[in-house]
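Step one of this worksheet: look at the structure below.
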Amino acid sequence: MVLATRLDWLLADGAPRRGISPGKVAAATLVLGGVLGGLGLWAGRFVRKGEVEARKQCYFTEVVVGARLGASFGGGRVAVVDYSREDPEEEG
């Protein structure tokens, strides 16, 4: 009986209403949307700036290299290290 009486009182027009008004929800939604939109524009500017930087090309000057140690474009020794074999002494 008490539950039904209390429920009738809560559903009546005279009951105090608690909660957030629809106007506050709309205002909070607009503010949050504005903040997220601003962050999106700010992040987009950095992405575009990065794309422009990535498209830049670097040009190196032409370097004329003469013969060194009897080789046309190099010189010195070339060494090959093979780590695929377990024991190089076995093949040899």
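See the values below:
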quantity: Most to least packed among 50-61, 28-39, 1-12 [average Cβ atoms within 10 Å]; calculated: 28-39, 1-12, 50-61
quantity: Ranking of Ser84, Ser21 by count of other Cβ atoms within 10 Å, fewest first; calculated: Ser84, Ser21
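Quick note: the coordinates plus some simple rules give every number you see, no bench work behind them. None of the values given here were measured: they were computed from a predicted structure. When we count neighbours, we look across all protein chains shown, and the Cβ atoms used for this are built from the backbone with ideal geometry, even at glycine.
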